[in-house]
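Values quoted throughout were computed directly from the atomic coordinates according to the rules given, and no laboratory measurement underlies them. These figures come from a predicted structure and were not determined experimentally. Note that we place each Cβ from the backbone using ideal geometry, even for glycine, and neighbour counts take in every protein chain shown.
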Amino acid sequence: MEKSEIEAQVRDYIMKTLGNTVDKAQNSEFIVAANWKMNMSSKETVDFLYKTKDIQVTDNIKPIIFPPFPYLLLFQKLLRYSSIAYGSQDIAKEDNGAFTGEVSGRMLSDCGCSYAIVGHSERRSYYGETSELVAEKAKAALKNDITPIICIGETLEERRGNRYKQVLYHQLYAVTSSLGKETLKCIIAYEPVWAIGTGVIPRMEEIEDTHRFIHEYLSSNVPGGGNIKLLYGGSVNEENVRDISKVAYVSGFLIGGASLKVDKYKAIIDILKAEYGNGHK
Ligand code: PGA
């Protein structure tokens, strides 16, 4: 067994024994991921980046922006001296070849991406992406040194029918059974489909319960899996981010609508900095 795996298992054990306090102290980096979806123009992108250049990134707050593909090169050019990271909203499972319309991990890496969102619910529902394809895409990202942010989440019907844990289990199983211990290099974003773009968010107890379920699944199915970062996404804004950040096992956010307005995005970062600026969740 590798040293890092042993360390991860020891941390897992301590986590289980001492509970969440250890998680808060050790896993204190907050990811603030901005998913722009199919929005913004090149002018708006430049303007946004100009206005975010004064963000002082602290060790424990990590902003990552996910613009549409055509603007990635602008990020590469304009963020060269910034510690804001960026990535793509999707990735092909192949590296190159006759796949019209696809963009590969090799190309994304060439454009300076260090992250890629995979399996967003909009891709699963509008473009028929299966959990198995999502796992293939995550593999393609890792192969190109890109960290995949793998999205999972249930629909309202599945939540109401109390089937959400089965759905999440299936989505997670597809990833862990295909990636094995490579899952440790991924980030998981829990995004209830019914909370995306609706202004409705689950109750804090529901977020905690679901994140705990995901955490426990990962802890028992991947050695060291208890350390995998879990993000929450779905109608996050500057009004609710503080409360959600306090929920156990939440170590960051995937933000859509509220990330399109630079003032809102900066406000969210400022709230998290004020709350956790000293490095402790
Ligand atoms: P939202 O989107 O913040 O607009 O709800 C989140 C997402 O889809 O990642």
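Below are the figures for this structure:
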read-out: Compactness of the chain, expressed as Rg and Dmax over alpha-carbon positions, Å; value: 17.8, 52
read-out: Cα-Cα over 28 Å, subset of Lys37/Lys266; Lys37/Lys229; Lys185/Lys261; Lys51/Lys93; value: Lys185/Lys261; Lys51/Lys93
read-out: FRET E, pair Ala267, Asp145, Förster distance 45 Å, beta-carbon r, rounded to 0.05; value: 0.90
